[in-house]
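Note sheet for the following structure.
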Amino acid sequence: MKDNEIYTDDKLLCIQGNDIYREGEIYTVGRIVNDKYFQLLTSGNDDHWYATHDEQGIHVSFDTTVLTTPNKAFFDKIA
């Protein structure tokens, strides 16, 4: 197991939020799509957006028409 890998049920701390994900809140990883993409559950755990784990870190990118704040939210994995 590599320390930087993402797994279902991992907890992520939002370090830069937006309209969907609030800074300082903890979110749960849902289904893993592949080695780069995975579901990140929203606060109610009843919906999700697709997150990316790449050279920029862990983030969710949104179409700017959906949000009034920055179009990316960034996260850190909680050990």
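The values are calculated or read from the model by the stated rules, or taken from the named source; none is laboratory data. Note that the coordinates shown come from a computational prediction; the quantities given were computed from them, not determined experimentally. No Cβ is skipped: glycine too gets one built from the backbone with ideal geometry, and neighbour counts run over all protein chains shown.
Brief remarks follow.
- Of all residues in the range 10-30, those being out of contact with any Cys (no Cβ under 7 Å at 6 or more places or on another chain) and free of Cβ contacts under 8 Å to residues at least 24 places away in the same chain number 3.
The rows are residues; the columns are (1) exposed (fewer than 11 other Cβ atoms within 10 Å of the Cβ); (2) at pLDDT below 90; (3) in a loop (DSSP other than H, G, I, E, B).
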site	(1), (2), (3)
1	yes, yes, yes
44	yes, yes, yes
58	no, no, no
66	no, yes, yes
